[in-house]
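**Student:** Have a look at the structure that comes next, please.
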Amino acid sequence: MPHNTTDTGTPERIFIKGNEAIAHGALAAGCRCYFGYPITPQNDIPEMMSYALPDAGGEFVQAESEVASANMLLGAAAAGIRALTSSSSPGISLMQEAISYMAGSELPGVIVNMNRGGPGLGDIGPSQGDYFQSVKGGGHGDYKLLVLAPATCQECYDMMVQAFDLAFKYRNPVMVLGDAIVGQMKEPVTPWKPAAVAGTEAADWRLEGAKGRKPRLLKSLFLEDGALAGQNRHLQAKYAAMQAEARAESFLTDDAELIVVAYGSIGRIAKSAIRKLRAQGHKVGLVRPQTLFPFPGPLLRGLAEQGKRFLTIEHNCGQMVEDVRLSIRGIVDSAFYGHMPGEMPGSDDFLAPILDAMGGK
């Protein structure tokens, strides 16, 4: 992918938080509207967008609530505009009705969730307790979001560009699911410029005034006999086509006896634990899903068919492990280790669970 360069020809790097990388990536992707309401630990995103987006020719609105933010996102999407909202756990819960309407109306938009502890108000620390809400359709009805899970600040930038492209490719909301670790950590990021957004994007369906053409209708209400069933069949076919977008990082899996499956910040921490165990001679590998929907099930199933064992590690009480087990069912099971939300994990916390899953080696 192309990079910005300095006068010496070397790629320009900036030292920023994950939240700031989200904002930079959105701007690079052509985001021109942001609607949001403050909540920790994602407040760096609206803070940066409040001054950077107007400078880029866009519009920033601090809405009166998360409900309003999500409905404003729906409205901008209907006009074919690349638009963004961001929040954290309880704020995302308030957005679910509008997100369901967007999925049902086939409207593209990007939602960022920097997951915090729960249930309820929980705390402002990291958690992965929103996995089910994100990948199973957190609102009413049968729908799916494309869900991307960054583990580094560079991925925060890169995945925002991907999120907007995927949203318009599939006419579907996309969620970028991070947590308080990913959002608040600081790392070097190399910005790059994607291809410019074509003026014809969404030209065949966006609402822009019907002068010179027939009116268009974007809706999620289907009352005629058979209409809703037809829409649901159409959506399910689209979700099946999304399987082509599944992505994952594989780390030292070729000779591994045990595969650790972990996403986001926990995948990164698990990689550090695996490096320590590899230094001691233990054959452990990692699969880190970068897309949570579509889930990289075929990759896991292929590894299961090679006779490998599995351990799923999450910062919750057990959610993604269900998708891991579905992926490898009939061949092998997956052990599970859940680090409790409210406690900050470190790589040493994962050593004993990994060794236990290897049979106490």
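The values are calculated or read from the model by the stated rules, or taken from the named source; none is laboratory data. Quantities reported herein were computed from a predicted structural model and do not represent experimental measurements. No Cβ is skipped: glycine too gets one built from the backbone with ideal geometry, and neighbour counts run over all protein chains shown. Side chains are part of the model used for accessible areas, which takes the heavy atoms of the whole protein and leaves out ligands, DNA and RNA. Shrake-Rupley method; radii C 1.70, N 1.55, O 1.52, S 1.80 Å.
**Student:** In debye, nearest 20, what is the charge dipole magnitude of region 14-189 about its Cα centre with +1 on Lys and Arg Cβ and -1 on Asp and Glu Cβ, if you could check?
**Tutor:** Details: 9 positive and 17 negative charges, 61 e Å.
The calculation lands at about 300 debye.
**Student:** May I ask you to order 327-337, 272-282, 109-119 by the average number of other C-beta atoms within 10 Å around their residues, highest value first? Provide the component values of the computation, followed by the final result.
**Tutor:** Details: 327-337: 17.4, 272-282: 15.2, 109-119: 26.3.
Those peptides, ordered most packed to least, come out 109-119, 327-337, 272-282.
**Student:** Also, I was wondering about something else. Taking +1 at the Cβ of each Lys and Arg and -1 at the Cβ of each Asp and Glu, which of 243, 191, 71 sits farthest along the dipole of the chain towards its positive end, judged by Cα position relative to the Cα centre?
**Tutor:** Final value for the positive-end residue is 243.
**Student:** What value does region 106-195 have for Rg/Rh, both radii from Cα atoms and Rh as Kirkwood defines it?
**Tutor:** Values: Rg = 13.9 Å, Rh = 13.9 Å.
Answer for region 106-195: 1.00.
**Student:** Rounded if a/c is under 1.5, else prolate if a/b is larger than b/c, else oblate: which is region 275-352, with a ≥ b ≥ c the root eigenvalues of its Cα gyration tensor?
**Tutor:** Values: a/c = 1.94, a/b = 1.20, b/c = 1.62.
Here region 275-352 falls in the oblate category.
**Student:** Can you grab the distance from the C-alpha centre of region 282-361 to the C-alpha centre of region 26-83, Å, no decimals?
**Tutor:** What the calculation gives is 35 Å, centre to centre.
**Student:** I'd like to check one number: the per residue accessible area of the chain, probe 1.4 Å, reported in Å² as a whole number.
**Tutor:** Working: 15120 Å² over 361 residues.
Ligands and nucleic acids excluded, the figure is 42 Å² per residue.
**Student:** Net charge within 15 Å of residue 38 by Cβ-Cβ distance, Lys/Arg positive one each and Asp/Glu negative one each, not counting residue 38 itself?
**Tutor:** Working: positive: 116; negative: 44, 47, 64, 66.
Local charge sum for residue 38: -3.
**Student:** Let me ask something additional. With the Cα gyration tensor of region 14-189 giving a ≥ b ≥ c as the square roots of its eigenvalues, does the rule (a/c under 1.5 for rounded; else a/b larger than b/c for prolate; else oblate) give rounded, prolate or oblate? Spell out each step's value before the answer.
**Tutor:** Numbers: a/c = 1.38, a/b = 1.07, b/c = 1.29.
Here region 14-189 falls in the rounded category.
**Student:** Give, rounded to the nearest 20 debye, the magnitude of the charge dipole that the chain has about its Cα centre when Lys and Arg contribute +1 at Cβ and Asp and Glu contribute -1 at Cβ.
**Tutor:** Working: 33 positive and 38 negative charges, 165 e Å.
The calculated dipole for the chain is roughly 800 debye.
**Student:** Looking only at 173, 41, 194, which one moves most when the chain is put into a Gaussian network model with springs between Cα atoms under 10 Å?
**Tutor:** 194
**Student:** Here's another thing I want to ask about it. State the percentage of accessible surface on region 14-189 attributable to carbon and sulfur atoms; use a 1.4 Å probe and exclude ligands, DNA and RNA. Walk me through the numbers before you get to the answer.
**Tutor:** On the way: 2950 of 5310 Å².
Of the solvent-accessible surface of region 14-189, carbon and sulfur hold 56 percent.
**Student:** If you don't mind, another one. Near residue 16, within a Cβ-to-Cβ distance under 15 Å, what is the net charge of the other residues, with Lys and Arg +1 and Asp and Glu -1?
**Tutor:** With Lys, Arg at +1 and Asp, Glu at -1, the net is -4.
**Student:** Over 25 Å, how big is the tail of the calculated P(r) for the chain, in percent of all Cα pairs?
**Tutor:** 54
**Student:** Could you work out the helix-only [θ] at 222 nm for the chain, with each DSSP H run of four or more residues adding -39,500 (n - 2.57) and the total divided by the number of residues, to the nearest 500 deg cm²/dmol?
**Tutor:** Calculated at 222 nm, the ellipticity per residue is -11000 deg cm²/dmol.
**Student:** For region 214-361, which whole-number percentage of the solvent-accessible area (1.4 Å probe, protein heavy atoms only) is attributable to carbon and sulfur atoms? Provide the component values of the computation, followed by the final result.
**Tutor:** Working: 3720 of 7030 Å².
Result for region 214-361: 53 percent of the exposed heavy-atom area is carbon or sulfur.
**Student:** Can you give the log10 of the normalised intensity I(q)/I(0) at q = 0.14, 0.17 Å⁻¹, computed with Debye over equal Cα scatterers of region 183-294?
**Tutor:** With one equal scatterer per Cα and no solvent, log10 I(q)/I(0) is -0.89, -1.02.
**Student:** What is the sum of charges, Lys and Arg at +1 and Asp and Glu at -1, for the other residues whose Cβ falls under 15 Å from the Cβ of residue 137? Please list the in-between numbers first.
**Tutor:** Details: positive: 136, 144, 238; negative: 97, 106, 130, 142, 322, 323.
Net of charged neighbours comes to -3.
**Student:** Additional query: Which listed residue (336, 264, 317) has the Cα farthest towards the positive end of the charge dipole for region 247-359, taking +1 on Lys and Arg C-beta and -1 on Asp and Glu C-beta about the Cα centre?
**Tutor:** Toward the positive end, the furthest listed residue is 264.
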